[in-house]
Amino acid sequence: MKQTVILTFTLVTAAFGIAGCGSPATNAVNNTNTARMNTSVMNSNANISSNSMANSNANMASDNPMVGGAAMLKTKDIIDNAVNSKDHTTLVAAVKAAGLVETLKGTGPFTVFAPVNGAFDKLPEGTVDTLLKPESKKMLTGILTYHVVSGKQDAATIAKAIETGNGKATFKTVAGGTLTASMEGKDVILTDEKGGKSKVTIADVMQSNGVIHVVDSVLMPKS
């Protein structure tokens, strides 16, 4: 009886040893499965990292929209961003000629409706050259400040004002005149005092001292 118990214990122990150690073939299969699991985990982590980076880049792009081929950094002021936009070289030249650089680098906040180069091209031939002359500084200043409104008027604020005004909202410019905002479909349209219209093509370009809305036509004051 004693021998039988010892023999049984030995066989059971041996059986557990075989199950624990496994044959070379079994060990190879187990190692392969482990390697696959590790690879799967690594790929999963890589995907998570990739997705996180993509989402982060998307958020950065949203915070700093591209205008004229350059990122408009909300940590920079209106002038420092505008000079980097290849679509606003005429506007920047005009701002410099009018002596408004320091004004638009001020604390503000300002809302600037910024015409692209193509907007100036729509003006009668020779107009821009005339406006950039020293003797035209007063007229140029009047036109440029007609594109500026005090305060930070973002797209939501403008849309709300249009809704409250039953389809129209007026904004007093730094030049002293008024701009009328309305909607055409999903587009915000600005109408100047001479009846000219300009469409907002890029809204809510946030700046450290205000906000820029890119427009496709130059707005003209009454006089």
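Rule-based calculations on the coordinates, nothing more; no lab input. Here the structure is a predicted model, which means the values were calculated and not measured. Glycine gets a Cβ as well: all are built from the backbone with ideal geometry, and neighbour counts include every protein chain shown.
Per the Kirkwood definition applied to all pairs of different Cα atoms, how many angstroms is the hydrodynamic radius of segment 119-171? For segment 119-171, inverting the mean 1/r across all distinct Cα pairs yields 13.6 Å. The simple spin-label model puts a point 7 Å past each Cα toward its Cβ; for residue 71 and residue 139 those points are separated by 4.2 nm. Using a cut-off of 23 Å between Cα atoms, the listed pairs 152/172; 86/194; 105/199 include 86/194; 105/199 as exceeding that distance. Here the scattering of segment 66-215 is modelled by Debye summation over its C-alpha atoms, one equal scatterer each and no solvent; at q = 0.18 Å⁻¹ the log10 of I(q)/I(0) is -1.11.
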